[in-house]
1. If r is the Cβ-Cβ distance from Thr100 to Ser38 and R0 is 30 Å, what FRET efficiency results, to the nearest 0.05?
2. Dipole magnitude of segment 45-142 about its Cα centre, charges +1 at Lys/Arg Cβ and -1 at Asp/Glu Cβ only, in debye to the nearest 20?
3. Using just the C-alpha positions of segment 142-211 as equal point scatterers, what log10 of I(q)/I(0) does the Debye formula give at each q in 0.26, 0.27 1/Å?
4. If I compute solvent accessible area with a 1.4 Å probe over the protein chains, what percent of it on segment 29-218 is carbon and sulfur?
5. Within segment 107-212, list the trypsin sites (Lys or Arg not before Pro) lying in a DSSP loop whose Cβ has at most 13 other Cβ atoms in a 10 Å radius.
6. Dividing the alpha-carbon Rg of segment 45-100 by 2.2 N^0.38 Å yields what?
7. Can you give the convex hull volume per residue for the Cα atoms of segment 81-236, as a whole number of Å³?
8. Report, by chain and number, residues whose modeled amide H sits under 5 Å from the one on Tyr152, excluding near sequence neighbours (fewer than 5 apart, same chain).
Amino acid sequence: MGRLGFSTTDSARLLLTGVLALSVVLAEQEGENLSGLSDNPDKGIFAVRENGTTCLLVEFAVKFLVPYDVLALNGIDLITEQASFNLPRGAEIEGKCDSTESEIHISWKNNAYTLRIYFSKEFRDKGTEVWKISRVQFVYDTSETSHFINAYNPGKHTANTHRLSALVTPAGHAYVCAAQQTLRLISSDHQKGITLSMYDIQIQPFDIASDFIFSEPYKCITDQRERLEEILPLILGLILGLVIVIMLTIYHFHLKLTATQPQLPRDRSMYKNM
């Protein structure tokens, strides 16, 4: 029997193949649905994990407003209806993590609906590194009758954002916003406009230091403004109270000074007797 021989080139190829296979195993990524941890029935908590560690964490409530066509009663004309529904808590999660780009895919109803959110990092002015949502895609099937009733020519459609730069956040921070943030997507269904509204948001797609734990929050401008509107009356009340106290104090000292000064007679004839 002949001996099996391996050349140096064959050995190198086998080694390279082994390294690539090992890297694929080491870089294994999985999605997890943690929505059961939320007390809010409308809010979902979703994570993407790499090598057993959280690399992307999303917590939010999402509402969709999707227009679709139905046949009018005359059987000829088309009229537009609106399907309104929320992102369910029992969705399936997939995703990818990288140092500068990451994404999460959220699907439900046997893939009749899929929401894909893409994140990216970039450097802004003065070398400041930030992350943002760079693209959102929503795939939906109008033949799914729980939301689309009597849809005309039902089928799958894809809606995308255009030149998106949303939720811009300093690197190493989690974006936090209780206020509603609205995105508009354009559908392949005759360019219809789809509204995607997010609220009670907490998102971090990069640089998560602790497993399942968000980093330091970066509050959205809307929340900061609302917080200022809440405390502004208190600040003005404190200032007004301080002004009143100062005025009363000055008046009190004025009374004391005038009370200790000798009173000169107003009748000039009395000066002769002084």
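1. 0.55
2. The calculated dipole for segment 45-142 is roughly 280 debye.
3. Once normalised to I(0) and log-transformed, intensities are -1.17, -1.20.
4. 45 percent
5. Working: sites: Lys109, Arg116, Lys121, Arg124, Lys126, Lys132, Arg135, Lys156, Arg163, Arg184, Lys192; in loops: Lys109, Arg124, Arg163, Lys192.
Answer by residue number: Arg124, Arg163.
6. 1.87
7. Given the Cα convex hull of segment 81-236, per-residue volume reads 161 Å³.
8. The answer is Asp69, Val70, Leu71.
The values are calculated or read from the model by the stated rules, or taken from the named source; none is laboratory data. Note that the structure is a prediction, hence the values are computed from the model and not measured. No Cβ is skipped: glycine too gets one built from the backbone with ideal geometry, and neighbour counts run over all protein chains shown. Heads up: the accessible areas ignore ligands, DNA and RNA and are worked out on the full protein's heavy atoms, side chains in. Shrake-Rupley method; radii C 1.70, N 1.55, O 1.52, S 1.80 Å.
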